[in-house]
Amino acid sequence: MLGFTLSPEQLAEKERAHTFAEKIMRPVARKYDETGEWAVDVYKAAWDQGYLQALVPEDCGGPGASQVDEAIVCEELAWGCAGLYTSIMANGLAMTPVLVAGSPEQKKKWLGMLAEEPKFAAFSLSEPNAGSDAGGMSCRAEKKGDKYIINGTKC
């Protein structure tokens, strides 16, 4: 039978994330929404808590959170401010292709960087004719000798 009860550790993490959202994010959310400034203080604090690098595996220097643990944190941070949450948790989107298909060397290099200091990762998804439909992408990188040639356009 599938269970949906959180473990004591997950409940503690949920409370920690809720407190972060309440004390760090909510008090400044309106300011950042109105000014459009980059919330350096919030993102630094999120990195200090392990949120920016949550999915980085332990063998790459990260906390090695599970997808379920990440979802628990995401829910609480989104409650604090959807805009700030989106930037904090976006590293998970960029990490996923490396986690799924990266070699051990690529994982150590690229994911390890996210565990060393506050950094943001990204990937190019949107295209003029596909929007953000990953299945509709046509842009490709083709290896020619020791270089890659990009044969398309990203937005």
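The values are calculated or read from the model by the stated rules, or taken from the named source; none is laboratory data. Please read all numbers here as calculations on a predicted model, not as lab measurements. Positions of Cβ are backbone-derived with ideal geometry, glycine not excepted, and every protein chain shown enters the neighbour counts.
Overview of results
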quantity	calculated
Leading residue by the ranking (surrounded by the most Cβ atoms within 10 Å (Cβ to Cβ)) among those in the stretch 31-88 that are within 16 Å of the chain's Cα centre (by Cα) and among the polar types (S, T, N, Q)	53
Residue under evaluation residue 6, criteria (1) at pLDDT 95 or above; (2) surrounded by fewer than 18 Cβ atoms within 10 Å (Cβ to Cβ); (3) in contact with a Lys or Arg (Cβ under 7 Å, 6 or more places away or on another chain), criterion not met	(1)
Residue within the stretch 38-45 that is closer than 18 Å to residue 117 by Cβ, part of a loop (DSSP other than H, G, I, E, B) and in the same structural domain as residue 97 (by TED's automatic domain parsing) present	yes
Residue count, the stretch 128-155 (criterion: at pLDDT 90 or above, of a type outside the set (A, V, I, L, M, F, W, C) and part of a strand (DSSP E or B))	5
Lone qualifier among 77, 52, 93, 2 - being out of contact with any Asp or Glu (no Cβ under 9 Å at 6 or more places or on another chain) and outside the structural domain of residue 105 (by TED's automatic domain parsing)	2
Flag for residue 5 being assigned to a helix (DSSP H, G or I), among the β-branched types (Val, Ile, Thr) and more than 18 Å from the chain's Cα centre (by Cα)	no
The stretch 100-142: number of residues that are closer than 30 Å to residue 39 by Cα and in contact with an Asp or Glu (Cβ under 6 Å, 6 or more places away or on another chain)	0
Unmet requirement for residue 46, which otherwise passes all of (1) without any contact (Cβ under 8 Å) to a residue 24 or more places away in the chain; (2) of a type in the set (A, V, I, L, M); (3) under 24 Å from residue 99 (Cα atoms)	(1)
Matching entry among 116, 105 (being within 17 Å of the chain's Cα centre (by Cα) and of a type in the set (Asp, Glu))	116
Filtered residues of the stretch 79-95 (kept if touching a residue at least 40 places away in the same chain (Cβ under 8 Å) and either in contact with a strand residue (DSSP E or B) (Cβ under 7 Å, 6 or more places away or on another chain) or assigned to a helix (DSSP H, G or I) (or both))	79, 80, 83, 84, 85, 87, 88, 95
Number of positions in the stretch 49-74 that are in a helix (DSSP H, G or I) and free of Cβ contacts under 8 Å to residues at least 60 places away in the same chain	10
Close pairs from the stretch 112-128: first under 11 Å from residue 56 (Cβ atoms), partner basic (Lys, Arg) and assigned to a loop (DSSP other than H, G, I, E, B), Cβ under 8 Å, at least 6 apart	113/119
